[in-house]
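S.K.: Below you'll find the structure I mean.
What follows draws every value from the coordinates through simple rules; no lab data is involved. As the structure is a prediction and not an experimental result, all values here were calculated from the model. Heads up, the Cβs are rebuilt from the backbone with ideal geometry, glycines too, and the neighbour counts pull from every protein chain shown.
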């Protein structure tokens, strides 16, 4: 197995392990974080119904206009604040955090801090 396949398999294994332990409900949805080298994405997901309540990313027009680069901590914090505001507008106050198999560090942590600063509890 080459290095890239092993890396992807490890990430998939960690995602499965994290998601086996947490489930999003209507009262407390899952705040799922996904990141690439260029962008970061966040979704509030109700796993019982299989629906997305709110989402934000560095590709959204209102977020993109405020950032110069989509792959830094400042952009991640802004995405966290945006998804939290959109969730609060829909009545979501508490969430369970899904780091998506990534280490709680850097951009993932910045997104979580931004969501907490905007009013989400987790």
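S.K.: Of all alpha-carbon pairs in the range 3-117, indicate the percentage at a distance above 17 angstrom.
M.R.: When every Cα pair of the range 3-117 is considered, 53 percent fall beyond 17 Å.
S.K.: So the label point goes 7 Å from the Cα of residue 49 along Cα→C-beta, right? Which residues of the range 17-38 then have their backbone N under 12 Å from it?
M.R.: Counting backbone N atoms under 12 Å from the label point, the list is 25-29.
S.K.: Another question, then. Show that you can apply the helix-only estimate: for the chain, add -39,500 (n - 2.57) for every DSSP H stretch of four or more residues, divide by all residues, and state [θ] at 222 nm to the nearest 500.
M.R.: -13000 deg cm²/dmol
S.K.: So how far, in whole Å, is the C-alpha centre of the range 99-122 from the one of the range 1-71?
M.R.: Cα centres, the range 99-122 to the range 1-71: 11 Å.
S.K.: Over the C-alpha atoms of the range 77-122, what are the Rg and the largest Cα-to-Cα span, Dmax, in Å?
M.R.: Just the Cα atoms of the range 77-122 yield Rg and Dmax of 10.0, 29 Å.
S.K.: So between residue 73 and residue 104, what do we pick up on full extension, going 0.36 nm a residue minus the alpha carbon distance?
M.R.: 9.9 nm
S.K.: If r is the Cβ-Cβ distance from residue 37 to residue 93 and R0 is 35 Å, what FRET efficiency results, to the nearest 0.05?
M.R.: For R0 = 35 Å, the calculated efficiency reads 0.60.
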